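Colleague: Okay, handing you the structure first.
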Amino acid sequence: MAQGKTPTWWDCEIDRRRFLQWSGAVASLASLSSLLGPRRAAALVLSQTPPDAVEGTAGVQFKFSVCQMCHGRCGIMCKVQDGVLLKIDGNPYHPNNMHPDERLPYDTPIERATRVRGRLCLKGQSGIQTLYDPCRVKTPLKRVGPRGSGKWQSISWEQALDEIAAKLRELRVFDRPANPQAPEAGPAANQVLFSPGRTVEADFSDRIWRDGFGTANYRLDHTSICEEDHHVAYELVTRDKAKNAGRKNHFKPDLLSCEFAILFGSNPLEANFALVPLARNLMEMKKRGGKFVVVDPRFSNAAALADQWVPIIPGTDAALALGMARWILDNRRYDARYLSNANELAAKADGETTWTDAARLVIVEPGDPNARKYLRADEIGGSASNYVVWDGTGPREVAGDVPSEGVLETGEVVVNGKRCKSVFTLFSERVRERTIAEYSAICGVPESTIAALAREFTSHGKRAATEHYRGAVQHTNGAYNSLAIIALDSQIGNYDWKGGSTAGGGGYAQNTGLLDVTKVPGKVSPAGVRIDRTKKRYETDGKSFFERDGYPARRPWFPFATHGNYQ
């Protein structure tokens, strides 16, 4: 090439990278030319597509809505021209798409807002592909062949609704059993099952199917193939025994104030939700000096920007968490003050909003019918509704009107002739069943890394937290992975502390509209065992099944599953 001459694409010096780039472009151009013609093909290959119409162009409108491409439901602002969707952007009014320091005030005129683009992830922007997917189902489909034949017929909405309503009327019967051989299956109304996808509004759908129609199979959603183990673990940890239900199913790190976070199989920069605000919060944390570690078999985008990536054998997150827990126990880096609080009054006296069962005594007497259950205060002359702790000299009742604390490391003590241990002692013994070296061998993480993670995690007071939504729980042992990880947060007592783990995950309050959808005139109370057999025990709740079939059950039962079992 002559010196001083402006280079063109055909006389540039060619290196291997440039050769491969142009070879790919030429190959694409050649394949498209036969279909589109050379000029149109060249435009596509070289990205010379016509630009979208801008604001003010004739026929351009902006429609504001909510994205349904994931559970985050960010706001969207859709550019439409002559009825055709051209582009999806983030809604600049919406708290998911713009943070408080940049979000438009709600009184901002729409004409101005349409010139501001809120953030939106690629999944949200790809909603246009869903809308115009040539395989998108646009009408109700009715099966017209045998089950599994794949033969369907398009029908009108009127026909579909009429046929569905007729079938529902036929089955909404409460004086006829769904299965005469199994009365536990409940009434015929239970033969109706509502199986929604991700975006169902629980309160609204429960109003229709549970409280209105009366089926026990009112919401068998996708959760059990998504993140149910995560929810079950938190609900077990926060269980209200009187209500037989968990108080919370989500805790999240307060990233804006956190100093150190460990993300077990969580990827806030690619797939978690709501991706846009979560990703920004994580980067804000890093910007102000916070550190985060990603534990993941895959080197994800989050791992690429993390302070440390810890590759792990898939599904072995519990081993890493228990290895860390062992180091914390051995080095006494847990928050003993927090864990010794046995009731709310003791917690409040320490400025805590939560407390644990760590100091409660548990019966370990072999053969005792209440073995592995909490020792009740009636054993020491108190109320059977209260628990018991060891105060260093003897047992003491945990009453609701007196701050109560207990010794954590009790060893084995005898109360009223029964051998007992504290919950903390049982936890310590269980964790110490394996060495850190053995935990290391299970998860594939070096011992030195396990110790370093535990040391760092316990070096920030309450301003450290874990997150495991949801790679760690996508396994058959997911609930146990989750419980082991949650135990790390419990050891430092970071719940509801600034920079620690916060309840609720930042979700918006439901059922806050003009109509309380939970109040249903003529409300029905469903009866019977659900078809997925969750929250029920085979030997007791399915007595007729048990008496007929004996062991083993023909199908699995899930007494500890606090949600539906979609599989």
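Colleague: Between a first residue in the stretch 369-383 that is of a type in the set (Gly, Ala, Ser) and a second residue that is assigned to a strand (DSSP E or B) and at pLDDT below 95, which pairs have beta carbons less than 6 Å apart while being 6 or more apart in sequence or on different chains?
Modeller: Filtered contacts from the stretch 369-383: no entries.
Colleague: What about ASP330, is it of a type in the set (Asp, Glu), open to solvent by 20 Å² or more (accessible area, probe 1.4 Å) and farther than 17 Å from SER428 by Cβ?
Modeller: For ASP330, the condition - of a type in the set (Asp, Glu), open to solvent by 20 Å² or more (accessible area, probe 1.4 Å) and farther than 17 Å from SER428 by Cβ - is not met.
Colleague: Look at GLU409 and say whether it is farther than 25 Å from ASP496 by Cβ, modelled with pLDDT of 95 or more and open to solvent by 40 Å² or more (accessible area, probe 1.4 Å).
Modeller: yes
Colleague: Being free of Cβ contacts under 8 Å to residues at least 40 places away in the same chain, of a type in the set (A, V, I, L, M) and buried (at least 16 other Cβ atoms within 10 Å of the Cβ) is the filter here; which residues of the stretch 413-440 pass it?
Modeller: The answer is none; no residue qualifies.
Colleague: Please indicate, with yes or no, whether at least one residue in the stretch 394-401 is in contact with a Phe, Trp or Tyr (Cβ under 7 Å, 6 or more places away or on another chain) and at negative phi.
Modeller: Checked against the condition, which is being in contact with a Phe, Trp or Tyr (Cβ under 7 Å, 6 or more places away or on another chain) and at negative phi, the stretch 394-401 yields at least one hit.
Colleague: Among all residue pairs at least 6 apart or on different chains, which show Cβ distances below 7 Å where the first residue, located in the stretch 114-141, is over 15 Å from CYS78 (Cβ atoms) and the second is modelled with pLDDT of 95 or more and part of a helix (DSSP H, G or I)?
Modeller: Here the result reads PRO140/TRP157; PRO140/ALA160, each pair linking the stretch 114-141 to a residue that is modelled with pLDDT of 95 or more and part of a helix (DSSP H, G or I).
Colleague: Would you mind telling me which numbered condition in (1) out of contact with any helix residue (DSSP H, G or I) (no Cβ under 9 Å at 6 or more places or on another chain); (2) open to solvent by 60 Å² or more (accessible area, probe 1.4 Å) LEU375 fails?
Modeller: Here LEU375 clears every test but (2).
Colleague: A further question follows. May I ask you to verify whether LEU269 is surrounded by fewer than 24 Cβ atoms within 10 Å (Cβ to Cβ) and not β-branched (Val, Ile, Thr)? Before the answer, list the steps.
Modeller: Details: surrounded by fewer than 24 Cβ atoms within 10 Å (Cβ to Cβ): yes; not β-branched (Val, Ile, Thr): yes.
When the stated conditions are applied, LEU269 passes them.
Colleague: Within the bounds of the stretch 501-509, is there any residue that is open to solvent by 70 Å² or more (accessible area, probe 1.4 Å), under 30 Å from ALA359 (Cβ atoms), under 19 Å from the mean Cα position of the chain (by Cα) and modelled with pLDDT of 95 or more?
Modeller: Looking through the stretch 501-509, none of the residues is open to solvent by 70 Å² or more (accessible area, probe 1.4 Å), under 30 Å from ALA359 (Cβ atoms), under 19 Å from the mean Cα position of the chain (by Cα) and modelled with pLDDT of 95 or more.
Colleague: Restricting to the stretch 171-204, what's the tally of residues that are assigned to a helix (DSSP H, G or I) and more than 30 Å from SER544 (Cβ to Cβ)?
Modeller: Of the residues in the stretch 171-204, 3 are assigned to a helix (DSSP H, G or I) and more than 30 Å from SER544 (Cβ to Cβ).
Colleague: While we're on this one: Within the stretch 311-321, can you find the residues that are open to solvent by 50 Å² or more (accessible area, probe 1.4 Å) and touching a helix residue (DSSP H, G or I) at 6+ places or on another chain (Cβ under 6 Å)?
Modeller: Once the filter is applied, which keeps residues that are open to solvent by 50 Å² or more (accessible area, probe 1.4 Å) and touching a helix residue (DSSP H, G or I) at 6+ places or on another chain (Cβ under 6 Å), the stretch 311-321 yields only ILE313.
Colleague: Does the stretch 160-167 contain at least one residue that is β-branched (Val, Ile, Thr), within 19 Å of ASP541 (Cβ to Cβ), out of contact with any strand residue (DSSP E or B) (no Cβ under 7 Å at 6 or more places or on another chain) and modelled with pLDDT of 95 or more?
Modeller: no
Colleague: Right, next: Filter the stretch 282-308 for residues that are within 26 Å of PRO100 (Cβ to Cβ) and either of a type in the set (Asp, Glu) or surrounded by fewer than 19 Cβ atoms within 10 Å (Cβ to Cβ) (or both) and give the result.
Modeller: Selection gives MET283, GLU284, LYS286, LYS287, ARG288, GLY289, LYS291, ASN301, LEU305.
Colleague: I'd like to know if the stretch 232-248 contains one or more residues that are crowded, with 17+ Cβ neighbours inside 10 Å, among the polar types (S, T, N, Q) and either touching a residue at least 24 places away in the same chain (Cβ under 8 Å) or assigned to a helix (DSSP H, G or I) (or both).
Modeller: The answer is no; no qualifying residue exists.
Here's the yes/no breakdown for (1) at pLDDT 50 or above; (2) surrounded by fewer than 10 Cβ atoms within 10 Å (Cβ to Cβ); (3) under 34 Å from the mean Cα position of the chain (by Cα):
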| site | (1), (2), (3) |
| --- | --- |
| CYS12 | no, no, no |
| PHE19 | yes, no, no |
| GLY37 | yes, no, no |
| ALA58 | yes, yes, no |
| SER65 | yes, no, yes |
| GLY90 | yes, no, yes |
| HIS99 | yes, no, yes |
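Colleague: For TYR338, all conditions in the list (1) within 26 Å of the chain's Cα centre (by Cα); (2) surrounded by 20 or more Cβ atoms within 10 Å (Cβ to Cβ) hold save one; what is the number of the exception?
Modeller: Every listed condition holds for TYR338 apart from (1).
Colleague: Only one of SER482, SER490, SER459 is open to solvent by 10 Å² or more (accessible area, probe 1.4 Å) and assigned to a helix (DSSP H, G or I). Can you tell me which?
Modeller: SER490
Condition check ((1) touching a Leu at 6+ places or on another chain (Cβ under 8 Å); (2) under 22 Å from PHE457 (Cβ atoms)) across all residues:
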position: LYS286; (1), (2): yes, yes
position: ALA303; (1), (2): no, yes
position: ASP307; (1), (2): no, yes
position: PRO311; (1), (2): no, yes
position: ASP330; (1), (2): no, yes
position: ARG337; (1), (2): no, yes
position: LEU345; (1), (2): no, no
position: THR353; (1), (2): no, yes
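Colleague: From the list LEU122, LEU141, LEU171, which residue is under 27 Å from THR57 (Cα atoms) and not hydroxyl-bearing (Ser, Thr, Tyr)?
Modeller: Selected residue: LEU122, the only one of LEU122, LEU141, LEU171 that is under 27 Å from THR57 (Cα atoms) and not hydroxyl-bearing (Ser, Thr, Tyr).
Colleague: Next question, about the same structure. Would you check if LEU168 is part of a helix (DSSP H, G or I) and surrounded by 11 or more Cβ atoms within 10 Å (Cβ to Cβ)? Can you show your working first?
Modeller: Details: part of a helix (DSSP H, G or I): yes; surrounded by 11 or more Cβ atoms within 10 Å (Cβ to Cβ): yes.
Answer is yes for this residue.
Colleague: Condition first: out of contact with any Phe, Trp or Tyr (no Cβ under 9 Å at 6 or more places or on another chain) and of a type in the set (Gly, Ala, Ser). Now tell me which residues in the stretch 264-290 satisfy that.
Modeller: Across the stretch 264-290, the qualifying residues are ALA271, ALA274, ALA279, GLY289.
Colleague: Run TRP497 past the list (1) in a loop (DSSP other than H, G, I, E, B); (2) farther than 29 Å from ARG333 by Cβ and report the number of the one that doesn't hold.
Modeller: Of everything listed in (1) in a loop (DSSP other than H, G, I, E, B); (2) farther than 29 Å from ARG333 by Cβ, TRP497 misses just condition (2).
Colleague: Out of the stretch 512-562, which residues are under 18 Å from ARG207 (Cβ atoms), touching a helix residue (DSSP H, G or I) at 6+ places or on another chain (Cβ under 7 Å) and open to solvent by 80 Å² or more (accessible area, probe 1.4 Å)?
Modeller: Of everything in the stretch 512-562, just one residue is under 18 Å from ARG207 (Cβ atoms), touching a helix residue (DSSP H, G or I) at 6+ places or on another chain (Cβ under 7 Å) and open to solvent by 80 Å² or more (accessible area, probe 1.4 Å), namely LYS523.
Colleague: For the condition in contact with a Ser or Thr (Cβ under 6 Å, 6 or more places away or on another chain) and not in a helix (DSSP H, G or I), what is the one hit in THR476, THR425, THR410, THR466?
Modeller: On inspection, the qualifying residue turns out to be THR410.
The values are calculated or read from the model by the stated rules, or taken from the named source; none is laboratory data. Keep in mind that what you see is a predicted model, and the values were worked out from it rather than measured. Reconstructed Cβ throughout: ideal geometry from the backbone, glycine too, with neighbour counts over all protein chains shown. Areas reflect the complete protein model, heavy atoms only, side chains present, ligands, DNA and RNA absent. Shrake-Rupley method; radii C 1.70, N 1.55, O 1.52, S 1.80 Å.
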